[in-house]
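The values are calculated or read from the model by the stated rules, or taken from the named source; none is laboratory data. This is a predicted model, so every value here is computed, not measured. Counting neighbours? That spans all protein chains shown, and the Cβs are built from the backbone with ideal geometry, glycine included. With ligands, DNA and RNA removed, areas are computed over all heavy atoms of the protein, side chains included. Shrake-Rupley method; radii C 1.70, N 1.55, O 1.52, S 1.80 Å.
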Amino acid sequence: MRMPVIALMALTMTGSGSAQDWSWPEKPQNLKVLPEEWPGSRLSPVMRGFTRSLGVRCSYCHLGEEGKPLSTYDFVSDENPNKDRAREMLRMLGSVNDHLKKIEPSGDQAVNMWCHTCHRGRPRPMTLGEEISEQYRLRGVDAALAHEQSLRDRFYGRGAYDFTNEDALNLLGYQALETSDFEGAIRVFRLNTERFPESANAWDSLGEGYMRSGRNEEAIQVYRKSLELNPANRNAKEMIATMKGEE
Ligand code: HEC
Ligand code: HEC
């Protein structure tokens, strides 16, 4: 039986371009961290591991153009700054793993740390909160929410980000409040209560969003919802009392 086309492609793909006219160098010329005497064949699984761990192609660290054959790449060159970053990461990993060996009871049973341990398919391993907070700073609330959704679509259930609690969107909402972006904050907090309807904290924050933008009636309603879920929520009680007092 012939091999299915897909399987053939998986075997011959090198993560970028095609393997035509290109093979791993017999003797790499510019290894500064990996053992100098390693033949190219030993580099192959390492480089493929890098691309998989970071979710990138060879061109992310090497001089070459995406989509062009690998034979046009200059793998010896250090011109792409990500190559040196990756070297530093390798050195860091070496020292972390050495350190782990010295810690009891890890010792020789220490769990190894890999690129994947932190990166999990992303070039810059950030928490969900950091990701969307950065987008908010750079591009505002629409972009932050779109980014959250796209990360969710791509990474949900893969362990790269923690989608299991209300913290990230809650933080984003407060970030918006800090810049007096009340409408943005309310949108974020409301989405959070849709995602986590059982979270008293999410409802409490939505209450604060409404209150800070002067929508007391909605704030009271929402604070009551939070109290229902967590009768010990003192803040919600106090805020309701304050707003009632203002009436
Ligand atoms: C995350 C960054 C990164 C990615 C992605 C990556 N490499 Fe590398 N590559 C390196 C680093 C760093 C070195 C040098 C290691 C050292 O100095 O010990 C290297 C070295 C090499 C070398 C040896 C060059 C020489 O002669 O010195 C080859 C060949 C190579 N990579 C091929 C590839 C291929 C093919 C891919 C895609 C499948 C790839 N690399 C993906 C970081 C990367
Ligand atoms: C302990 C966690 C950790 C491990 C393990 C780790 N990295 Fe990283 N890496 C990071 C962090 C954090 C950053 C972002 C640094 C910054 O703020 O610019 C990063 C950034 C990078 C970058 C730059 C990406 C960019 O776009 O700026 C490269 C390349 C990289 N890592 C490669 C690797 C490789 C290859 C390995 C495995 C040899 C590795 N990392 C292992 C935490 C880690």
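Per residue, how many Å² of accessible area does the range 13-119 show with a 1.4 Å probe?
Result: 66 Å² of accessible area for each residue.
Using a Förster distance of 51 Å, how high is the FRET efficiency between LYS244 and ASN82, based on the Cβ-Cβ distance and rounded to 0.05?
0.30
If eta is 1.306 mPa s and T is 10 °C, what Stokes-Einstein diffusion coefficient results for the range 13-119, Kirkwood Rh from Cα pairs, in µm²/s?
105 µm²/s
Once you have a ≥ b ≥ c as the square roots of the Cα gyration tensor eigenvalues for the range 181-247, tell me rounded if a/c is under 1.5, and otherwise prolate or oblate according to whether a/b is larger than b/c.
Oblate, because a/c is 1.5 or more while a/b does not exceed b/c.
Excluding the sites themselves, what is the longest stretch of the chain that contains no trypsin sites (Lys or Arg not before Pro) in a DSSP loop with at most 13 other C-beta atoms within 10 Å?
Working: sites that count: ARG2, LYS32, ARG158.
My reading of the result: 33-157 is the longest stretch.
Quantify, in whole percent, the carbon and sulfur part of the accessible surface of the range 128-246 (1.4 Å probe; protein heavy atoms only). Could you put the intermediate results ahead of the total?
On the way: 2950 of 6300 Å².
That fraction is 47 percent.
Can you divide the C-alpha Rg of the range 116-162 by 2.2 N^0.38 Å and report the result to two decimal places?
1.11
Work through the residues other than ALA232 whose Cβ is under 13 Å from its Cβ and net out their charges, Lys, Arg +1 and Asp, Glu -1. If you can, show how the numbers build up before the last one.
Details: positive: ARG234, LYS237; negative: ASP204, GLU228, GLU238.
After counting each charged neighbour, the total is -1.
Summing Lys, Arg as +1 and Asp, Glu as -1, what charge do residues with Cβ under 13 Å from the Cβ of ASP181 carry, ASP181 excluded?
+1
From the residues THR179, PRO39, PRO69, which one has its Cα farthest along the dipole of the chain in the positive direction, the dipole being from +1 and -1 charges on Cβ of Lys/Arg and Asp/Glu about the Cα centre?
Looking along the dipole axis, the top candidate is PRO39.
For the range 128-246, just the Cα atoms, rotate onto the principal axes and tell me the three extents in Å, largest first.
That works out to 46, 27, 16 Å along the principal axes.
How large is the helix-only mean residue ellipticity at 222 nm for the chain, computed as the sum of -39500 (n - 2.57) over DSSP H runs with n ≥ 4, divided by its residue count, in deg cm²/dmol to the nearest 500?
That comes out to -18500 deg cm²/dmol.
With charges set only on the Cβ (+1 for Lys and Arg, -1 for Asp and Glu), what does the dipole of the range 13-119 come to about its Cα centre, in debye to the nearest 20?
The calculated dipole for the range 13-119 is roughly 240 debye.
Per 5 Å bin from zero, what fraction in whole % of the C-alpha pairs of the chain is there, up to the bin with the longest pair?
1, 6, 10, 12, 12, 10, 10, 9, 8, 7, 6, 4, 3, 2, 1, 0, 0
Can you tell me the dipole magnitude for the chain around its Cα centre, using point charges on the Cβ only (Lys, Arg +1; Asp, Glu -1), in Debye to the nearest 20?
720 debye
Debye calculation, C-alpha points only, no solvent: report log10 I(q)/I(0) for the range 77-185 at q = 0.21 Å⁻¹, in the same order as the q values.
-1.05
With N residues in the range 45-89, what two-decimal value do you get for its Cα radius of gyration over 2.2 N^0.38 Å? Provide the component values of the computation, followed by the final result.
On the way: Rg = 10.1 Å, N = 45, 2.2 N^0.38 = 9.3 Å.
Cα Rg divided by the expected 2.2 N^0.38 Å: 1.08.
Using a cut-off of 13 Å between beta-carbons, work out the net charge of the residues near THR127 (Lys and Arg +1, Asp and Glu -1, THR127 not included).
Numbers: positive: ARG120, ARG122, ARG124; negative: GLU130, GLU131, GLU134, GLU148, ASP162, ASP167.
So the surrounding residues net to -3.
Run the dipole for the range 128-246 about the Cα centre, Lys and Arg Cβ at +1, Asp and Glu Cβ at -1, nothing else charged, and hand back the magnitude in debye, nearest 20.
Dipole about the Cα centre, nearest 20: 180 debye.
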